[in-house]
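The values are calculated or read from the model by the stated rules, or taken from the named source; none is laboratory data. All values reported here derive from a predicted model rather than from experimental measurement. Here Cβ is always computed from backbone atoms with ideal geometry, including for glycine, and neighbour counts include all displayed protein chains. In case anyone asks, the SASA skips ligands and DNA or RNA and just uses the protein heavy atoms, side chains included. Shrake-Rupley method; radii C 1.70, N 1.55, O 1.52, S 1.80 Å.
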Amino acid sequence: MWKQKAQTSDNGAAAECPSLGIVIPALDAGEDFPKILQSLQEATCLFDLDIVVVDGGSGDETVHHAQKARARVLETAPDPAAQIQAGLDIVFGDWLMILDAGTMLRPGWSTVVRAFVEQKGAERFAGYGKLAVREDGKIRREDGALSKLRNQFSGLPFLHQGFILHRGLLNRMGGVMALGGLDRMTIAGRVGHKHLIPLPFQAIQESERLPRVSWGARLSRVAGWLIFALLMVPPSAVADWTK
């Protein structure tokens, strides 16, 4: 069972910083992007941090904001899966995080992630945050509940929840090239439900950046996830259904 612990050695000295590479596929990230990048800077106190923004040809100030925040920028075609793969190919770090360009991590996230990566055997697991959807300045509780149900029944977190895993785990799955059409679905599916751990940090997504889906469609998907869980369908198959 994962549990949070202090980040100090037995003699009270600060532990050596682990390395963390954050890959952000982006396309017209919008006016909130500078604040999102700023929210990542708290990790510099706890990690040797590298941030790579993979831009798919934005027409706004996305690249400018990334460069101003001292993130490395890679420009590719506008294909989220290809952008993630390209970012993972060049980002530095023993630990890797995939983050949506529209996701704001609530303060304190880096402390939670540092505690997770320092757990014994953490290299065999992948973690993700709690999804929260904000509309008109308020958190929509029903979306968080649906996300929790989805994670429980399908075993597959959303990209915008902040997905983190060790580079060694990715390499044991054959690396990015072996995964083919790489996105957070194929990664989560290959990791497997038993090795996916929800972490107690909040990942906030603005409602206008999410596709509009009717409540009927949402509930039908939840029912589908439940059926998959009862039939013990592997997460890799669920990934194909949920794309």
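Brief remarks follow.
Per-residue answers, yes or no, for (1) surrounded by fewer than 21 Cβ atoms within 10 Å (Cβ to Cβ); (2) at pLDDT below 75; (3) closer than 25 Å to LEU37 by Cβ:
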site	(1), (2), (3)
PHE163	no, no, yes
LEU169	yes, no, no
MET177	yes, yes, no
VAL191	no, no, no
LYS194	yes, no, no
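- Matching residues in region 105-128 - criterion: being within 11 Å of the chain's Cα centre (by Cα) and closer than 21 Å to ILE36 by Cα: LEU105, GLY127, TYR128
- Pairs are defined by a Cβ separation below 6 Å, a sequence spacing of at least 6 or placement on different chains, a first member in region 37-66 that is touching a residue at least 60 places away in the same chain (Cβ under 8 Å), and a second member that is among the polar types (S, T, N, Q) and open to solvent by less than 30 Å² (accessible area, probe 1.4 Å); the pairs so defined are GLU42/SER110; ALA43/SER110; LEU46/SER110.
- Listed by first and then second residue, the pairs with beta-carbon distance under 9 Å, at least 6 apart or on different chains, first residue in region 91-103 and under 14 Å from GLN38 (Cβ atoms), second open to solvent by 10 Å² or more (accessible area, probe 1.4 Å) and part of a loop (DSSP other than H, G, I, E, B), are ALA101/LEU27; ALA101/ASP28; ALA101/GLY30.
- Region 37-65, residues that are touching a helix residue (DSSP H, G or I) at 6+ places or on another chain (Cβ under 7 Å), under 21 Å from GLN161 (Cα atoms) and either in a helix (DSSP H, G or I) or open to solvent by 10 Å² or more (accessible area, probe 1.4 Å) (or both): LEU37, GLU42, ALA43, LEU46, LEU49, ILE51, THR62
- Subset tally (residues that are in a loop (DSSP other than H, G, I, E, B), more than 14 Å from ILE36 (Cα to Cα) and among the small types (Gly, Ala, Ser)) for region 66-90: 1
- Residue check, ALA81 within 13 Å of the chain's Cα centre (by Cα), under 23 Å from PRO198 (Cα atoms), open to solvent by less than 30 Å² (accessible area, probe 1.4 Å) and at pLDDT below 95: no
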